[in-house]
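These notes are about the structure you will find just below.
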Amino acid sequence: MNTFSDKVSFIWSVADLLRGPYKPNQYGKVILPLTVLRRLDCVLEPTREKVRTKAEELKRRGTPINNLEPVLNRAAMPPDWPKDRPFPLHNTSKFDFRSLAGDPNNIAKNLTHYIKSFSSTAREIIEYFGFAEHIEKLDKANRLYLVVSKFSSIDLHPATVSNVEMGYIFEELIRKFSEAANETAGDHFTPREVIRLIVNLLFTPDGEVLTRKGIVKTLFDPACGTGGMLSVAEEYLSELNPDARLEVFGQDYNPESYAICGSDMLIKGQNIDHIKFGDSFTDDGFPGERYDYMLANPPFGVEWKPEEDEIRKEHETLKMAGRFGAGLPRINDGSLLFLQHMISKMKPADRARDNGGTRIGVVFNGSPLFTGDAGSGESEIRRWIIENDWLETIVALPDELFYNTGIFTYVWIVSNRKEPRRRGKVQLINAVSFAQKMRKSLGNKRKEIGDGKDGKPDQVGAITRLYGEFTEGPHSKIFDNEDFGYRQITVERPLRLRFAVTPEGIAALRDSGPFKKLAEDADTKPKKRGRKAKAGSAAANEPSSPAPYAAANPAGDAIVGVLEGLPGQVWMDRADFLADLEAAFEASDATLSAPIRKAIVAAFGVRDENAAICLDKDGNPEPDPELRDYENVPLKEDILVYFDREVKPHVPDAWISTDEKHRDKKDGKVGIVGYEIPLTRHFYVYQPPRELAAIAADITGLEKDIVRMLAEVTR
């Protein structure tokens, strides 16, 4: 087995042994922990006897248990392990995978003993797989010995399978298991070329700093999955500067992903305390911590309903002192919550000295770019980020890059320490064409961004150069921060009503709330229709049935009488109609209350553009809610200039509402401020429609093909 695909195929073939006791969607519960155990087994193999000997020696001396682990970890250290980095792992069992396979009658007991003999940190990580419950099940089904024997024959030692390749193996296995379970693999990992691109964009401006001798930086992923992003970032910095040290931190809520990531960090010598299990929103594993770099690929379009109570509580009580003070997105997509969580962990930046601060890279779908109107949670989050001058770059990636979805995705680069030339600016990069078709699809992943290796074009490098050059071109555009902002003004038009007393209007009035309330307030008991039958009569002897009631409404009847007595005319001015109405009521015994007056206007008024404008009590035009409209005015433009140019020529009687509810809550000015990033629109290239003759020729050709195929079917 000399290739990555061979190893994956071999491990996948072991999964076939589980058929029967396990369904395909359950294979990962067994195969993933066994793969991790075999990996750890191979790592410890060179020093296994040394550790056993040392453990026996310490036992004879009566060394306290608390002092055993550091000594045994040192004994387990591989020969090629860096001397300045403590080794965090050992196993004192007399068994390994090969000896486990040599005792089929006691395989369950021996495997359990083997797992319990790991150092405490490794044992705690393995427990997240929940594998203990499967040992007994496998043993009863006579499968445990078979799968352990199979695993004992594959070499997963780091000298044979590098840490990066091991990450690929885990990711491919997860993808296969997710497909078998009809689940989303995207919750677990990101294509490595996409990670490499993000890491390039994060580290490129800091090349001079990162090449310094002995430099130490920190990096955090709040949705780390199996740790792919952390691994690629660490690999990148190691290639750039072997003397550099990247301390990685991560958190994930999926137990299996956490266990894989944790074991991977153990083998690499990273501090396992830097990898936390739990929900980043409700159980922040690193409160108060700050990092030099952050990156993440949070799940696309996943609702945050389970965490809603705690998130809303933090938003409302802590406000901007908490993580989610800028705003809350709609409940069905928590992507921007992740970004706010990450921004809360940025280091303070000293722009005057051009140091400190943090750089963030995050993958989103298109929704965070434009979802949400002015004043919405999404818009307010975008506003907060852009007005603080944190948004540096957005890169539009090709579709069909990810394993679980074919949609277009976008990389956001956010930083509170922009280079001087980027301050007040945002760069948009259109890289949707920077990809090539894969020879073999992996789920929904049908394209890849070339990395310049194995004869592939260096598309990762090309996108990185577009970012680094920071110039305008076909694939790169540069904007001021304000270019993405606008004021949403409310455009009102006057209400115009004509009036006429009609049977339909009277029916509508009778059905109105105020009119019905007159009957309820009448304090008159309902009267039965018909006469009461005398005792002994034929009618009295018939079975009784509910008699219909007529609700008495003398006040309402009086009002209808007044209305029916009005002249049979059409009023084109509400003021004239109301004057005649009030005069008619004054000449009658009926009462015209304010609610009834309002109900009459609603029942008999009909919108008519030729009618006079309805005025309020102050003599100002009254707005028509049905004609209300909204205009988004760019922040750089005066709203009155825009209104006179874009609105007035079309609707001369319109005006801009200055009501308090139509003013921005933050600056108090007319128009609610909103932000959106219409990236696609900025790169749109007009394509003229095809000639009619060419379209007709295509249709003719299709018709001929259909006729030919029908002829073949009917032969």
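The values are calculated or read from the model by the stated rules, or taken from the named source; none is laboratory data. Everything quoted here is computed from the prediction, not taken from an experiment. Cβ coordinates were reconstructed from backbone atoms using ideal geometry, including for glycine residues, and neighbour counts include every protein chain displayed.
Filtered by the rule that a residue be small (Gly, Ala, Ser), closer than 29 Å to Tyr128 by Cα and assigned to a helix (DSSP H, G or I), the range 208-244 gives Gly228, Ser231, Ala233. Among the residues in the range 621-628, are any surrounded by 12 or more Cβ atoms within 10 Å (Cβ to Cβ), hydrophobic (A, V, I, L, M, F, W, C), part of a helix (DSSP H, G or I) and modelled with pLDDT of 95 or more? Within the range 621-628, one or more residues are surrounded by 12 or more Cβ atoms within 10 Å (Cβ to Cβ), hydrophobic (A, V, I, L, M, F, W, C), part of a helix (DSSP H, G or I) and modelled with pLDDT of 95 or more.
Of the numbered criteria (1) in a loop (DSSP other than H, G, I, E, B); (2) charged (D, E, K, R); (3) over 18 Å from the mean Cα position of the chain (by Cα); (4) surrounded by fewer than 20 Cβ atoms within 10 Å (Cβ to Cβ), the one Lys418 fails is (4). How many residues are in contact with a Lys or Arg (Cβ under 7 Å, 6 or more places away or on another chain) and either farther than 30 Å from Asp480 by Cα or of a type in the set (Val, Ile, Thr) (or both) if we restrict to the range 627-638? Number of matching residues: 2. Of the residues contained in the range 27-45, one or more are found to be among the hydroxyl-bearing types (Ser, Thr, Tyr), closer than 28 Å to Ser178 by Cα and surrounded by 15 or more Cβ atoms within 10 Å (Cβ to Cβ).
Restricting the first member to the range 621-635 and to residues that are in contact (Cβ under 8 Å) with a residue 12 or more places away in the chain and farther than 12 Å from Glu646 by Cα, and the second to residues that are of a type in the set (Phe, Trp, Tyr) and crowded, with 16+ Cβ neighbours inside 10 Å, the beta-carbon pairs closer than 7 Å and six or more apart or on different chains are Pro634/Tyr486; Leu635/Tyr486. Determine, yes or no, whether Asp284 is charged (D, E, K, R), modelled with pLDDT of 95 or more, surrounded by fewer than 24 Cβ atoms within 10 Å (Cβ to Cβ) and in a loop (DSSP other than H, G, I, E, B). Here the answer is yes, as Asp284 does meet what is asked. Note on the range 467-487: among residues that are surrounded by 18 or more Cβ atoms within 10 Å (Cβ to Cβ) and aromatic (Phe, Trp, Tyr), the one that is farthest from Asn632 (Cα to Cα) is Tyr467. For the range 308-327, the set of residues classified as under 20 Å from Ser367 (Cα atoms) and either in contact (Cβ under 8 Å) with a residue 40 or more places away in the chain or outside any loop (DSSP other than H, G, I, E, B) (or both) consists of Glu308, Ala326, Gly327, listed by residue number. Annotation note: Cβ proximity below 8 Å between a residue of the range 118-129 that is touching a residue at least 24 places away in the same chain (Cβ under 8 Å) and a residue that is among the charged types (D, E, K, R) (sequence gap 6+ or interchain) occurs for Ser119/Glu69; Ser120/Glu69; Tyr128/Glu256; Phe129/Lys29; Phe129/Glu256. With respect to being of a type in the set (D, E, K, R), part of a helix (DSSP H, G or I) and at pLDDT below 95, Glu703 fits the description. Cβ separations smaller than 8 Å between residues 6+ apart or across chains give the following pairs from the range 601-613 residues that are assigned to a strand (DSSP E or B) to residues that are loosely packed, with under 13 Cβ neighbours inside 10 Å and at pLDDT 95 or above: Arg607/Glu626. Identification of helices (runs of 4 or more DSSP H) wholly contained in the range 41-127 with 1 or more residues that are over 45 Å from the mean Cα position of the chain (by Cα) and among the small types (Gly, Ala, Ser) yields 48-61, 68-76, 97-101.
Residue count for the range 81-96 under the criterion of being without any contact (Cβ under 8 Å) to a residue 60 or more places away in the chain and not hydroxyl-bearing (Ser, Thr, Tyr): the result is 7. Is there a residue in the range 265-283 that is touching a residue at least 60 places away in the same chain (Cβ under 8 Å), within 25 Å of Ile394 (Cβ to Cβ) and in contact with a Gly (Cβ under 9 Å, 6 or more places away or on another chain)? Checking the range 265-283: at least one residue is touching a residue at least 60 places away in the same chain (Cβ under 8 Å), within 25 Å of Ile394 (Cβ to Cβ) and in contact with a Gly (Cβ under 9 Å, 6 or more places away or on another chain). Among all residues of the range 392-404, there is at least one that is surrounded by fewer than 21 Cβ atoms within 10 Å (Cβ to Cβ) and β-branched (Val, Ile, Thr). For the residues Thr464, Thr490, the requirement of being surrounded by 14 or more Cβ atoms within 10 Å (Cβ to Cβ), closer than 29 Å to Glu380 by Cα and of a type in the set (Ser, Thr, Tyr) singles out Thr490.
As a summary of the residue check, Gly375 satisfies the conditions (1) crowded, with 21+ Cβ neighbours inside 10 Å; (2) in contact (Cβ under 8 Å) with a residue 60 or more places away in the chain; (3) small (Gly, Ala, Ser) except for the one numbered (1). When Gly473 is tested against (1) under 30 Å from Asp653 (Cα atoms); (2) touching a Leu at 6+ places or on another chain (Cβ under 9 Å); (3) of a type outside the set (S, T, N, Q), just one condition goes unmet, and that condition is (1).
Evaluation of Lys437 against the conditions (1) basic (Lys, Arg); (2) at pLDDT 95 or above; (3) over 26 Å from Ile360 (Cβ atoms) shows that the sole unmet condition is (2).
Step by step: first the residues of the range 633-691, then only those that are assigned to a loop (DSSP other than H, G, I, E, B) and among the small types (Gly, Ala, Ser), then the one that is surrounded by the fewest Cβ atoms within 10 Å (Cβ to Cβ). Which residue is that? So the residue we want is Gly668. Quick check, is Lys425 among the basic types (Lys, Arg) and either within 30 Å of Asn332 (Cβ to Cβ) or under 19 Å from the mean Cα position of the chain (by Cα) (or both)? No: the conditions fail for Lys425.
Would you mind stating whether Ala612 is over 30 Å from Val426 (Cα atoms), surrounded by 13 or more Cβ atoms within 10 Å (Cβ to Cβ) and out of contact with any Cys (no Cβ under 7 Å at 6 or more places or on another chain)?
On the way: over 30 Å from Val426 (Cα atoms): yes; surrounded by 13 or more Cβ atoms within 10 Å (Cβ to Cβ): yes; out of contact with any Cys (no Cβ under 7 Å at 6 or more places or on another chain): yes.
Yes: the conditions hold for Ala612.
Return a yes/no flag: does the range 339-359 have any residue that is crowded, with 22+ Cβ neighbours inside 10 Å, assigned to a loop (DSSP other than H, G, I, E, B) and of a type in the set (A, V, I, L, M). No, that holds for no residue. Identification of helices (runs of 4 or more DSSP H) wholly contained in the range 454-554 with 1 or more residues that are modelled with pLDDT of 50 or more yields 459-469, 503-510, 513-520. Pairs meeting the criteria (first residue in the range 569-595 and over 15 Å from Gly505 (Cα atoms) and in contact (Cβ under 8 Å) with a residue 12 or more places away in the chain, second residue among the charged types (D, E, K, R) and part of a helix (DSSP H, G or I), beta carbons under 7 Å, at least 6 apart or on different chains) are Leu592/Glu582. Filter the range 368-415 down to the residues that are farther than 20 Å from Ile331 by Cα, in a loop (DSSP other than H, G, I, E, B) and among the acidic types (Asp, Glu) and list them by number. Hits for the range 368-415 are Asp389, Asp399, Glu400. Filtered by the rule that a residue be assigned to a strand (DSSP E or B), of a type in the set (A, V, I, L, M, F, W, C) and touching a Ser or Thr at 6+ places or on another chain (Cβ under 9 Å), the range 245-281 gives Leu246, Val248, Phe249.
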